[in-house]
Every structure is written in C-alpha cells, then in structure tokens.
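Structure, as structure tokens:
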Amino acid sequence: MEKTRAVITGVNGWVPDYVLTNKELETMVETSDEWITTRTGIKERRILKGENKGTSDIGANAIKGLLEKTNTDPEDIDLIICATVTPDMPFPSCANMIAHKVGAKNSYSFDISAACSGFIYALTIGSQFIETGMHKKVIVVGADKMSSIVNYEDRTTCIIFGDGGGAVMLEPTTEEVGVMDSLHHSDGSGSPYLHIKAGGSLKPASEETVRAKEHYAYQEGATVFKFAVTNMAEVSAQIMAKNNLTGEDISWLVPHQANKRIIDATANRMNVGPEKVMINIEKYGNTTAGTIPLCLSDYESQLKKGDNIILAAFGGGFTWGSVYLKWGYDPK
Ligand code: UT7
C-alpha cells in the first residue's frame, strides 16, 4: 500500500508594522548597534503595538493570508495547532482564539508549549493526523508576542526578541514529498536557565512577583548558548545520518533564528554552505515559535518541489529537535 505523508501545501508569515531598531534600543538600555550585530546578527525586530492585541492576532493574520494563498475555505480546516509561549491568556488556548478569528468553525484546536522548538514539535504532531488518514487539512501556526514578556530594562534579553509568526497548511500526499522524518528531545533540567519565574501554578502572580519583575523572560544567555550550539548541531547531524543524507543532498537548512553564531555552527556541523541557510534574524530577531515558518515564508519563492530541507530548533525547556522534509511544490 502507498504511504500517505503530510506535505506542506502553503506557507504564510506575518509580522506587525512597528520596527524596533538597534538604534532605538540604544536609547532604552546600555547597548550598541555594534554589540548587538556582532553578538547576535540582529539589526531590528517587530513589535505588536496597540490595545487588545495578542498572539492570536499574529496567528490569525498569518492564517488569513495562508487561506487566501491556498484558496481554502476556513470551514474546510479540520485542526489548528498553535505553537506559542505567549498565549493571549493562560486559557483558553491561543489556537481556540485563532480558529474563532479566522472562521474555522469546523476545526478543533489546541496549543503546544515547547518554546523555540514549538513549531517543529507542532509540525510533527500535525503530520501524524494526516498520515493516519484522520484529517485532510491541518494548519500549524507558530506565533509569539515576545514583547509581552520582555523586560525592556534588561539589555541581555530585550535586544534578542521580537514579535511575529507564520503558518503552514498540511495535506495528504502519496508522492515522495512532505514530512519525511523527525527527531525531538526535551530536558527539563535546563529550566533554570530560560524561564518565567512567576505567574504559573508554582508561583502565582502577586504584588511581590510583579515588583520583583518575575513575569518577564529570564535567560542565562551564555549557558543557553552553549547547550544550543551543541544540541542543534547534533540533532541536525543525527537526522541527516538516519536518512543517509550528506551536506550535498541538503537544499536548505532552516534554523531557529536565535543567534547567527548558533546558526553558523549548525551549518558547519552539517557541512552545508552559507548559501543554503535561511536567515532573516537581522529583520525580525528571535520570534520564538515564529522563526521557522517566517523563514519558510520569506524564502518560499526560492523553494522547488523535491528540495531536501532540514528544520532545526533549540529553546526553553530545554527543547530541541529537527525535521526532515521534502518541499511539495514549485514557486507559484
Ligand atoms: O531562542 C531560545 C534559545 N536562546 C538562545 O539560543 C540564546 C542563546 N544565547 C545567546 O544568544 C547569547 O548568549 C546572548 C546573545 C544572549 C548574549 O551573548 P554572549 O556573547 O553570550 O554575551 P554574555 O552574556 O556572555 O555577555 C558578555 C558581555 C557581558 O559583559 P562583561 O561581564 O563581559 O563585562 C554582558 O554584560 O556582554 C555584556 N552584555 C551586553 N553589552 C552590550 C550583555 N548584553 C549586552 C548588550 N549590550 N545588550
């Protein structure tokens, strides 16, 4: 019997209009455009401004564009999975809000919390529903409004993060394209190095937690950097070996955009030249679950059917992983 795979049949990214440049950050904290550029590769990031705007607006805008591009009726969507660490509220899930905003009346929906690895986790999960034959149209969206959890007085985090997201449509195929393989990991012993201290069940919000600024993202950058460099490179090399792929077979590496130096180390380990690495960190910074679909969207016009693509991510948890996919369509 022919194997059914999940193939990406469309992608669309969305970022808010407001551009927060390194120059503007120089006026907010003690930093410099030169430091940020050389240490991270980031020049600017987008910020979602305005009252009553949350991550669901980012996700919904990404999906509205995706529905248009793929000529899909929202009522034909079976399932929406949203990867995010900045849902509009602790519950209901951000995916529930998004489904409502895009008119996906026949869809159910849920969130995945895996920080910067969220999109690739969700992609693997969504693919299973297609492979089993349970669903015909699944949307996976990665979106984060990082500005809602960033302390703009903390120069070690505020220079890194931005707001944005992207969505892909998954549909069944029996051709030799689509999501071919996945490798995922998590290790909760990494939580002390990247987390939000309060606002969860362990330490509920109080006047004290607000005063102590414990509702912002906390990161020990150098430690996370060390783990990210090693693990993102290692898992990417592992998925290549498992599928008998060499650097030459790879058309594109799509790395989580956390730091240009982590991206370069991963590409080196995979033996993949810089011309095959998707990078847009200079424009958007680290949008957490948004980085990988935003890259796919920015590079969509250069992707060809059958291209071998490795997605790789590392993030809070720790979580990390890699997905091997064969691109499903030529530029439209
Ligand atoms: O996406 C989820 C996973 N996250 C990551 O993968 C992020 C991984 N970590 C990183 O990308 C990097 O660690 C950072 C970009 C966050 C920081 O870069 P670093 O090269 O690791 O810097 P550092 O934290 O070791 O700090 C070096 C110096 C320190 O000064 P001293 O102690 O050497 O005098 C910092 O205080 O740079 C200082 N510094 C800054 N200087 C100017 C830290 N932040 C800044 C800043 N501007 N914004």
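Things to note:
- Pairs with C-alpha atoms separated by more than 20 Å, drawn from the list Lys69/Lys136; Lys3/Lys136; Lys242/Lys326; Lys276/Lys305; Lys203/Lys226, are Lys203/Lys226.
- Placing R0 at 41 angstrom, the Cβ-Cβ distance between Arg155 and Glu175 gives a FRET efficiency of 0.25 after rounding to 0.05.
- For the pair Gln128 and Val210, label points projected 7 Å from Cα toward Cβ lie 4.0 nm apart.
- Fraction of beta bridges assigned by DSSP in the chain that are antiparallel (%, nearest 5): 70
- Packing here is the average count of other Cβ atoms within 10 Å per residue, and on that basis the peptides 244-250, 8-14, 129-135, highest first, run 8-14, 129-135, 244-250.
- Positive-end residue, the chain charge dipole about Cα centroid, Cβ charges, pick of Thr9, Val168, Pro192: Pro192
- Sequence-distant contacts, meaning Cα pairs under 8 Å at least 6 residues apart, place the relative contact order of the stretch 5-176 at 34 percent.
- Linear extension gain, Glu75 paired with Ser191, 0.36 nm per residue minus alpha-carbon span: 37.9 nm
- Sorted fewest first by neighbouring Cβ atoms within 10 angstrom, Arg39, Arg211 come out as Arg211, Arg39.
- In the chain, a dipole from Cβ-located charges (positive for Lys and Arg, negative for Asp and Glu) runs towards its positive end, and of Ala289, Gly126, Val272 it is Val272 whose Cα lies farthest in that direction.
- Computed from backbone phi, the HN-Hα couplings of the stretch 51-56 come to 5, 6, 10, x, 4, 5 Hz, rounded to whole numbers (Karplus: 6.51 cos²θ - 1.76 cosθ + 1.60, θ = phi - 60°; Gly and Pro given as x).
- Distance from the stretch 92-145 to the stretch 214-263 (C-alpha centre basis), Å: 23
- Ranked by how many other beta carbons lie within 10 Å on average, peptides 71-84, 155-168 from highest: 155-168, 71-84
- Computed on the stretch 180-326, with alpha-carbon pairs under 8 angstrom and 6+ residues apart, the relative contact order is 36 percent.
No lab work stands behind these numbers, since they all come straight from the coordinates. Predicted, not measured: the structure shown is a model, and the values here were computed from it. Note that each Cβ is placed from the backbone with ideal geometry, even for glycine, and that neighbours are counted across all protein chains shown.
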